[in-house]
Amino acid sequence: MNGNIIIKNSSQLVTCSGFEARQGKDMSDLKIINDGTVVIEKGIIRAVGKTDETLAGFDESRFTVIDAFGKAVLPGFVDSHTHFVFGGYRAEEFSWRLRGDSYMEIMERGGGILNTVLATREAKKAELIETGRKRLDSMLSFGVTTVEGKSGYGLDYDTELKQLEVMSDLDNTHPVDIVRTFLGAHAVTKDYKGREDAYVEYMIENVMPEIAKRKLAEFCDIFCEKNVFSVDQSRRLLSRAQDFGFKLKIHADEIIQLGGAELAAELGAVSADHLLQASEKGIRDMAQKGVVATLLPGTAFSLKEPYAKGRYMIDNNCAVALATDLNPGSCFTESIPLIFALAVLYMNITTEEAVTALTINGAAALNRADTIGSIDVGKKGDVIVLEFPSYKYIPYHIGVSTVEKVVKDGKLVFEKGVTF
Ligand code: NIG
Ligand code: FE
């Protein structure tokens, strides 16, 4: 296949048109073309518009043609916050949480992230590639065409690099595009307990330079949280990361309000993520500095924590993105429809805003609003076809994927219901 594809007669071509993050009220306008067509040539979008006018300039015989009559067509979803490469599972911890133990209690007694660290250190690269590939297949079936993936289950030189190399390998061999983030400061290892400053210096001195040199990650992230890394430690690590050329993300104000949102604005981070406890000032700062607020309602749901104030953030002019946070501890799901339904039902984000949050704003959270996240001429041919006539069915069919086809770089890479 040559990446030449026409998707025509769509009842609703939801373009999400634009080349930058949408803030506040602008999140509502999906720029829909009724009876729309998109033409993709060599993997790149060449034409977008009403079916009759758009098809007039092209010889259909040179293309694979998908007739999307009666179906909505959207940009591929961008899942801009995941931890999808990890060894082992933590089903036992999930049952402890069901009986009342909190996520932080489990972490403080040496479980949680450190549990996954042991399993990830032990895992062979080939095993991580194998499980990572299966998770990517699952994400693709939900319409995800670009995913962010973090390290952070190594917490040492070898394993942090191993995780990033696994993602690089998968990026080269799987249709889903992967954006890599270095999260060496995800937790402190037992030998550094009480010496968090020294751990931060270890990461800065010994791990970060090699990752920068080999371009193994584009973003640097940190878990800024009470009893993990303080605001000062986060500022120190992220500032050095900036010197090395990394763009910034931050796990901010997830459980306790520490001022992570304010720090993200101060440093000009591309996104601040979680934000369940973000302060009003932090929210205003993010809006003013154009930091994307990446909300992860699956995590609030799974941890039984209060949801981030998505409605308030949009009303105060933030650019909100939505993502799964797929990881083995706080939120083990790659389900976009679950995240979507939680966002509209419990964060009072509208369906239109949620579409924006998973497309153009997800792309902006990865600094890629110029190349993905909307159906615009010149962007990558990453497009999904729903089995229903409107995007409004996405949260309505609760927890079930409405994605019928996924086109990546102009190639059909997933079709629902193809069984053997
Ligand atoms: O984003 N909060 C920190 N990190 C992850 C959870 C990682 C884990 O529990 O394995 C999160 O929720
Ligand atoms: Fe996370």
All alpha-carbon distances of the chain, grouped into 10 Å bins from 0, give the whole-percent distribution 5, 24, 33, 25, 11, 3, 0
Low-density loop trypsin sites (Lys or Arg not before Pro), the range 1-89, at most 16 other Cβ within 10 Å, DSSP non-H/G/I/E/B, are Lys31, Lys42
The chain: angle of helix 125-141 to the longest principal axis, Cα-based, in degrees nearest 10 | 40 degrees
Under 20 Å Cα-Cα from Lys25, which aspartates and glutamates qualify once same-chain neighbours fewer than 8 residues away are excluded?
-> Glu280, Asp285, Asp315, Glu352, Glu353
Note on the range 178-247: alpha-carbon gyration tensor, axes a ≥ b ≥ c; rule is a/c under 1.5 for rounded, else prolate if a/b larger than b/c, else oblate; result prolate
At R0 = 41 Å, FRET efficiency that the Cβ-Cβ distance of Ile398 and Asn172 yields, to 0.05 | 0.70
For the range 289-420, shape from the Cα gyration tensor axes a ≥ b ≥ c, cut at a/c of 1.5 then a/b versus b/c, turns out oblate
Once all protein chains are kept in place, Asp26 shows an accessible area at probe 1.4 Å, nearest 10 Å², of 100 Å²
Neighbour cut-off at most 16 other Cβ (10 Å), DSSP loop, GluC sites (Glu not before Pro), the range 11-113 | Glu20
Angle in degrees between helix 280-289 and the longest Cα principal axis of the chain, rounded to the nearest 10 | 50 degrees
Evaluate the charge dipole of the chain about its Cα centre and quote only its size in Debye, nearest 20, assuming +1 on the Cβ of each Lys and Arg and -1 on the Cβ of each Asp and Glu.
-> 220 debye
Based on the mean of other Cβ atoms within 10 Å per residue, sort peptides 264-276, 157-169 so the most packed one is first.
-> 264-276, 157-169
So how tilted is helix 157-173 from the main axis of the chain? Cα-based, degrees 0 to 90, rounded to 10.
-> 10 degrees
In the range 24-101, what percent of the accessible surface is made up of carbon and sulfur (1.4 Å probe, ligands and nucleic acids excluded)?
-> 51 percent
Over 24 Å between Cα atoms, which of Lys215/Lys405; Lys50/Lys411; Lys124/Lys215 qualify?
-> Lys215/Lys405
Test item: Cα-centred dipole of the range 282-381, Lys/Arg +1 and Asp/Glu -1 on Cβ, debye | 120 debye
The range 189-268 - percent of accessible surface contributed by carbon and sulfur, probe 1.4 Å = 47 percent
Quick one: of the DSSP bridges fully inside the chain, what percent are antiparallel, nearest 5?
-> 45 percent
Ordering of 116-128, 74-86 by packing [mean C-beta count within 10 Å, highest first] = 74-86, 116-128
Using a 1.4 angstrom probe, figure out how much accessible area the range 191-317 has per residue, in square angstrom, rounded to the nearest whole.
-> 40 Å²
Accessible-area order for Thr181, Thr350, Thr419, largest to smallest, probe 1.4 angstrom, reads Thr419, Thr350, Thr181
With all protein chains present, how much of the accessible area of the range 280-420 (probe radius 1.4 Å) comes from carbon and sulfur, to the nearest whole percent?
-> 53 percent
What value does the range 255-337 have for Rg/Rh, both radii from Cα atoms and Rh as Kirkwood defines it?
-> 0.96
On a C-alpha basis, how far is the centre of the range 28-72 from the centre of the range 91-122 in Å? Whole number, if you could?
-> 48 Å
For Lys304, counting only lysines whose alpha-carbon sits under 28 Å away and dropping same-chain residues fewer than eight positions off, the answer is Lys134, Lys150, Lys190, Lys193, Lys226, Lys249, Lys281, Lys392
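The values are calculated or read from the model by the stated rules, or taken from the named source; none is laboratory data. Computed from a predicted model, the values in this text were never measured in an experiment. Please note: Cβ atoms are built from the backbone with ideal geometry, for glycine as well, and neighbour counts cover all protein chains shown. For accessibility, only protein heavy atoms count, side chains too; no ligands or nucleic acids. Shrake-Rupley method; radii C 1.70, N 1.55, O 1.52, S 1.80 Å.
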